[in-house]
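Before any comments, here is the structure.
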Amino acid sequence: MRQQTALIPTLRDVGAEAEVMSHRLMLKAGMIKQLAAGIYTLLPLGHRVLRKVEQIVREEMEQVGAQELLLPAMNPSELWKESGRWETYGAELVKLVDRHERDFLLGPTHEEVITDLLRNTVSSYKKLPLTLYQIQTKFRDERRPRSGVLRGREFLMKDAYSFHADEESLEKTYQMMYDAYSRIFTRCGLEFRPVEADAGAIGGTGTHEFMALSSAGEDTLVFCRACDYAANIEMAEVQVPKASDSGLTVAPLEKVATPGAKSIEQVTNMLGIEPAHLIKSLLFIVDGEPVMVLVRGDHEVNDIKVKNFLEAEVCELATEEMVQQVTGAPVGFAGPIGLQKEIRILVDHTAAQMKDAVVGANEGDTHLKHVDFQRDVLSYHVADVRLIEEGDVCPQCGDAVSFTRGIEVGQVFKLGTKYSKPMNAVIHDPNGKEIPMTMGCYGVGISRTVASIVEQHHDDDGIVWPLAIAPYAVHLIVVNVKNDEQRDVAEELYASMQAAGVEVLFDDRKERAGVKFKDADLLGIPVRITVGAKVGDGLVEYKVRRSGESGEISKTDVMEQLPQLLKQVAALTKRIKNR
Ligand code: ATP
Ligand code: MG
């Protein structure tokens, strides 16, 4: 491709609203352009990288026998009403009405549509297992579209669905997909980690997320250096502390005035106690019902655990008005003792063992002290509802866990019969009995993967593409197009590279050398061949973007040496092992 005619609108600067590096660099390198919040055009350069990732995904899907199809993005609401997700999916669902006043949606994921397809086309176990996949634009009206294509409202996803006659067959495919995902992200040059995860709105019985390690990630990963344990913090189990009956007799409950002290910090300062001596009481609205969740003052509630424990669809923190209504006190003074209304109380293991603690008194500006939880709170459920913390015990081996941040680039789910049952997608088993199909589903965020690669592969000057997904392998630059000799040699090399099938971007622009080199660093194409003043001596310069290694070679040796150079570059790409 000639750069003179290519649409690669590089920018020297971008607005401060682009905070994360991949967003800034993709804008600067002219890969993407925003149309509306979370909605981007993939410009030619961005599109080339997207296609490379797609190609890797396709190859690995075909390798495990998955068949490609294309499902409609516009879906009738009826299917989503059948599964129940028309109501439960929430505000992310992009709904629309057609000219006949019928409800439709733009698919954020396609379990319903594919289940409908299978129930209408497959009726016997003999056709199973079957794995189908597509690469398609998905729509989610994200609350906070941010970070460029890392979290878009319209984005490209590969979604695969597998169908089975039994659980055993699902396990096999799940493992194959898990392995295929590991190969995909390795080939994309990503440092990643598969972690145990929450099934979220997709549902099902078991799931792993594939996390690209990055400080720009929105997810916290919990892992253990002593064993192979790794989980999303949303899921990471906290070990139940050993009951320690100190035999301590606690003084009777006592009200204490805490005027204006709403936060943990204010209360502990006022009473001269540590946060670990206080019980934090948070009110949630779970499927429409108030639930009070209690953790020790220095711990945080994990609302996903609350939601899963209560087997709920929606779990949200109550508004200030609701807190006032339910507890009779403003936010900051809620507690489990003396509630006027009977509501469910869910307490974390550690908090349930507390003696001589402080809690809100359900009265403005008042707390209670000398709380012996088991003595004073009458009715409650104990569960693991707190966030694990760095240094807590590893649920698998007992060592201390560590944290790191990651971007979820893919997720695999065992769905079981979550969709086939309500949608009546059944097959005949070998005995002729009707059984629901067992399902799995598997997603890769293609556009998010591209951004994650940029997150991991850049330096101060720009992007540093791994060869396998680079938009071009070679950046050929002619320093001065007005110099006949330089131009002729560059044109000749360009023609030879094209004939040899080398993916080459040819900077034939009438720009200053400085501009050309700055752009070249920004675009991050792995190998640069520069035709400049030395061409009079028959020499051109090569430079490896990643290592900075450069040298001169004879113009007549370029084509011969290029394969070797590219091989070297491929080996250079940080092949970071799964840690
Ligand atoms: P997240 O928790 O980040 O919102 P998710 O768990 O809801 O993602 P899935 O339903 O598992 O996403 O979708 C499969 C894959 O699609 C994700 O692993 C991710 O790579 C990608 N993806 C999801 N939402 C977005 C988005 N808004 N923009 C870009 N990619 C996305
Ligand atoms: Mg997910």
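The values are calculated or read from the model by the stated rules, or taken from the named source; none is laboratory data. The structure presented is a predicted model; accordingly, all values stated were derived computationally and were not measured. In this analysis, Cβ positions are derived from the backbone assuming ideal geometry, glycine residues included, and neighbour counts consider all displayed protein chains. Quick note on the areas: whole protein, heavy atoms, side chains included, nothing else; ligands and nucleic acids left out. Shrake-Rupley method; radii C 1.70, N 1.55, O 1.52, S 1.80 Å.
For segment 83-115, filtering for residues that are open to solvent by 40 Å² or more (accessible area, probe 1.4 Å), away from ligand 1 (no atom under 16 Å from the Cβ) and at pLDDT 95 or above leaves 8. Pick from segment 158-193 the residues that are outside any helix (DSSP H, G or I) and open to solvent by 20 Å² or more (accessible area, probe 1.4 Å): which of them is nearest to ligand 1 (Cβ to nearest atom)? Only one residue tops the list, namely Arg193. In the set Ile285, Ile264, Ile337, Ile273, only one residue is open to solvent by 20 Å² or more (accessible area, probe 1.4 Å) and closer than 22 Å to Asp392 by Cα; that residue is Ile264. Within segment 340-370, being open to solvent by less than 50 Å² (accessible area, probe 1.4 Å) and under 18 Å from Phe309 (Cβ atoms) holds for Ile343, Ile345, Leu346, Val347, Asp348, His349, Thr350, Ala351, Ala352. Determine, yes or no, whether Ile407 is among the aliphatic types (A, V, I, L, M), within 22 Å of Arg183 (Cβ to Cβ) and within 16 Å of ligand 2 (Cβ to nearest atom). When the stated conditions are applied, Ile407 passes them. Just so you know, in segment 221-261 the residues that are of a type outside the set (A, V, I, L, M, F, W, C) and surrounded by 15 or more Cβ atoms within 10 Å (Cβ to Cβ) include one that is nearest to Ala357 (Cα to Cα), and it is Thr258. If the condition is being open to solvent by less than 40 Å² (accessible area, probe 1.4 Å) and assigned to a strand (DSSP E or B), then segment 371-413 contributes Val371, Ala383, Arg386, Val401, Ser402, Gly406, Ile407, Val409, Gly410, Gln411, Val412, Phe413. Which condition from (1) within 16 Å of ligand 2 (Cβ to nearest atom); (2) over 14 Å from the mean Cα position of the chain (by Cα); (3) part of a helix (DSSP H, G or I) is the one that Thr109 breaks? Looking at each condition in turn, Thr109 falls short on (3). I'm trying to understand the selection: among the residues of segment 119-133, which are crowded, with 17+ Cβ neighbours inside 10 Å and assigned to a strand (DSSP E or B)? Matches in segment 119-133: Leu130, Thr131, Leu132, Tyr133.
From the list Ser147, Ser215, exactly one residue is within 30 Å of Leu43 (Cβ to Cβ), surrounded by fewer than 20 Cβ atoms within 10 Å (Cβ to Cβ), hydroxyl-bearing (Ser, Thr, Tyr) and within 14 Å of the chain's Cα centre (by Cα). Which is it? Step through it out loud before you land on a result.
Working: Ser147 fails: surrounded by fewer than 20 Cβ atoms within 10 Å (Cβ to Cβ).
The conditions single out Ser215.
Restricted to segment 58-82, and to residues there that are among the acidic types (Asp, Glu) and under 23 Å from the mean Cα position of the chain (by Cα), the residue that is surrounded by the fewest Cβ atoms within 10 Å (Cβ to Cβ) is Glu59.
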